[in-house]
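What follows is a set of notes on a single structure, which appears directly below.
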Amino acid sequence: MNQDELKELESLLSALFENEGGERVALQSERLTALLKSSAAARAMYLDYCEMHTLLQWEHGVLGGLEKSALPAQLMPQPRSVQRGDKRALWLAGIAAMVLLTAGALIGLRGPASDELVADVRSDDFVARLTGSKDATWLGRDAALNAGDYLEQGRRLEIQTGFAEVTFNSGAQVILEGPTSLDLSSAWEAVLRHGTLKANVPAEAIGFRIASPSVEVIDLGTEFSMQTDAAGETEVFVLKGSVQAAHTDSDRQNTGKILLKEQEARRFGKSGVGEVKDRERKVARWAKPVALEHAVMPGGFVHWSFDETNGRLAKAELNGSPREAFNAFWKSTSKTLSVEGRFKSAAHFDGETFARIPFPNISNNAARSVVFWMKLPPDSLISEGDTVLAWVRKDRKRIAARAVQIGWNSNPAQGSIGTLRTEIGRGFVTGSTPLRDGKWHHIAILIVPGEKPGSPVHVSQYVDGRLDGVTSTRSRRSGETGDFDEPAGEIVFLGRGIGEQKREKFRGDLDELFIFERALTHRDIRGMMAANTPPRSQ
Amino acid sequence: MSQDCSAEFVQLLTLNQSRLYAYVLSLVGNATRADDVMQETNVVLWQKAAEFTPGTHFTAWMFRVAYLQVMASRQRANREKILFDSELIPELAQEAAAHFDDVESRQRTLQACLEKLSPRQRDIIRRRYSAGATLQKIAADVGHSAEAIKQLLFRTRLSLTECVKRSLATEGA
């Protein structure tokens, strides 16, 4: 390839990747083909260019996937449902069925029923939150609903007028338009009894499904609307991406599945499947955004970036400003070990050392979110320390103390080895994503106290933005409660657990640790994963 | 497929999405068409999941399926929208499969290279990729000509590619 050809190739690539073809496409295509055919160097440059374009899309969260999927929340004016970032999920559609199958199968893996009744920790009791609304009036007990409220499994929402946004723990967002009645079956499924909704499903929640009396719609990475009338007949409109729709006839028999693509619509009735009258006008109506008011969720946070370390300590920030009182201290015989992190530097734990953070009131029985990046070496052994972060939590009367320990599961009897695990006292949640792969994973753990004293603590785990905590049970042996052999109150430990069984130290890297005084939403988590900035609390 | 196999399959496919996208993009040369072919390929991969033997070369199998989808999409497409002729495609596909073998390492290295860019370059890349702005929009927002932005984007992509290659070469040395 000579200099002229190189210049020409550069110009062709530039035009190709900035969609500048226009009428010149045919000519460009001919020249590009000729150049690529004649020169291996030109082909290599072209492939490099395709690769860099892909990597940049991936890095900026434009491509979907479970590892990297979110656009920064602050870049996306609300409502999110009309933003271009949604398109990224389109081609992930094929994963939907698998994810659904996996999630479905894992939900069946819960511990024995007798244990569940007395579990200290639950991961399936609340399945969604009310995250936004506009002029909403509600029926019955829903009249007391406030933005930010948790919605429990099995809850029936009855909106009379206006709009409401429900964010499922899986990440799926559904906007209801009154009058509508929706049953919340789980973080992954809902039943539209009657009324109108629009669903927006990010890549992490592909496989989310909504059933009505006449159809079951399984999302394949998309945005769709459903309208169910009093007779149970349902119209389904696909605004972006595609869905799989399974018709249910009057005998409640499934009569086959169809794939509906972008801009397609069908009417599912007792007598069969038909076209939707006036489709274009209806689709245009659904595509119109609704200006919702979103829940204001106050609550402070402490952040350790591990970028600024000084001998034995790593500096902390409280609500974005330096706050020495929360600095993390390594024990006197060791120093902080700094390595390349997910963002700038990270703290390395070598299996020998650990750090303490004085954290006033950490033992409160309050809602908390813990968010961080973690990298585990592929050769992590179950004999090594499995706890990356721990503190002691006390109940409302501050009598019973339970150790909160977050790390990876090293007990084969309690879930897959090497998956995310959160333990509170004798209860625990384990996930399904293998973490011992030498790669950075974004971890978010939400802890919400039960409504009544003594009721289980709710734990939601997210790995790389995806809900990853589906087993919850109570262990008879592991877990620490009661008196501890050291004054563990009001201290967060990094790199080790609490109690006799947790003396082994953690080996791996930790970066960008945040502890919030509230439960984050899925939107918050995706935003933090993409941009490493905490959600704005107003 | 057993639950374990299914979970493993989900993981393999998820981990390989960027590699698959780069492969498809290089063969169709157009982001919109690449999106469509990706979606179709993912559907077919899932439908054929049972045919995949765990432990065998997943990416080779994935690329084979994607190649057939690219060819099918070429047959459907308007002739004017096809970028390359059918003589080039097989050769390019073969080279692409080898070229994208190490996407993960490059992905890992990219973050550090992005940090080495000048603030202006970083800003333009962010506008182009995070915010999804067109050349014209970026040009209007930053007060330069679209041609200047196009050049800047091109140069920035090239220097990122060089940086990534250099870093990996140093790592491997």
request  = Pick out the long, greasy-scoring helices in chain B: whole DSSP H runs spanning 30 Å or more along their own axis by Cα, mean Kyte-Doolittle at least -1.0.
outcome  = B:146-172
message = Can you compute the charge dipole magnitude of region A:204-333 about its Cα centre, using +1 on each Lys and Arg Cβ and -1 on each Asp and Glu Cβ, nothing else charged? Give it in debye, rounded to the nearest 20.
response = 40 debye
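Return an integer: the convex hull volume of the alpha-carbon atoms of region A:287-446, in Å³ per residue.
Taking the convex hull of the Cα positions in region A:287-446, it is 184 Å³ per residue.
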message = Using just the Cα positions, wrap region A:153-248 in a convex hull and report its mean projected area in square nanometres, one decimal place.
response = 5.2 nm²
ask   = What list of ³J(HN,Hα) values in whole Hz, one per residue of region A:423-431 in order, does the Karplus curve 6.51 cos²θ - 1.76 cosθ + 1.60 (θ = phi - 60°) give from phi, with Gly and Pro shown as x?
value = 10, 10, x, 9, x, 7, 10, 10, x
message = If each residue of separation counts as 0.36 nm, what is the full-extension length gain between A:Ser185 and A:Asp379 once their alpha-carbon separation is subtracted?
response = 65.9 nm
Pairwise label distance in nanometres, B:Asp85 with A:Leu6, each label 7 Å out on the Cα-Cβ vector = 2.7 nm
ask   = When only DSSP loop residues count, what trypsin sites (Lys or Arg not before Pro) in region A:337-425 have their Cβ near at most 16 other Cβ atoms within 10 Å?
value = A:Arg396, A:Lys397, A:Arg398
query = If each of A:Asp437 and A:Ala40 carries a label point 7 Å out from its Cα toward its Cβ, how far apart are those two points in nm?
reply = 3.3 nm
q = 0.09, 0.18 Å⁻¹, chain B: log10 I(q)/I(0) [Debye, one scatterer per Cα] = -0.41, -1.23
request  = Calculate one ³J(HN,Hα) per residue across region A:140-147 by plugging θ = phi - 60° into the Karplus curve 6.51 cos²θ - 1.76 cosθ + 1.60, and present them in order as whole Hz with x for glycine and proline.
outcome  = x, 6, 5, 4, 8, 5, 10, 4
ask   = If you place +1 on the Cβ of every Lys and Arg, -1 on the Cβ of every Asp and Glu, and leave all else neutral, what size is the dipole of region A:166-276 about its Cα centre, to the nearest 20 Debye?
value = 80 debye
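Working from the alpha-carbon coordinates of region B:37-106, get Rg over Rh, Rh being the Kirkwood radius. Walk me through the intermediate numbers first.
Values: Rg = 13.5 Å, Rh = 13.5 Å.
That ratio equals 1.00.
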ask   = Once amide H atoms are placed 1.01 Å from N in the peptide plane, what residues at a sequence separation of 5 or more from A:Asp468, or on another chain, have their amide H within under 5 Å of its amide H?
value = A:Gln461, A:Tyr462, A:Val463
query = Karplus couplings for region A:517-527 from phi (6.51 cos²θ - 1.76 cosθ + 1.60, θ = phi - 60°), rounded to Hz, Gly and Pro as x?
reply = 8, 7, 8, 6, 9, 4, 4, 4, 5, 4, x
remark   = Square roots of five times the C-alpha gyration tensor eigenvalues of region B:18-66, ordered largest first and given in whole Å, equal 21, 12, 6
task = For A:Ser212, list long-range residues whose amide hydrogen, built 1.01 Å from N in the peptide plane, is under 5 Å from its own amide hydrogen.
result = A:Leu192, A:Val217
Amide H contacts of A:Ser432 (H built 1.01 Å from N, under 5 Å, at least 5 apart or other chain) = A:Leu420
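No value in this document is a laboratory result; all are computed from the given coordinates. For clarity, every value in this text was computed on a predicted model and none was experimentally measured. Glycine gets a Cβ as well: all are built from the backbone with ideal geometry, and neighbour counts include every protein chain shown.
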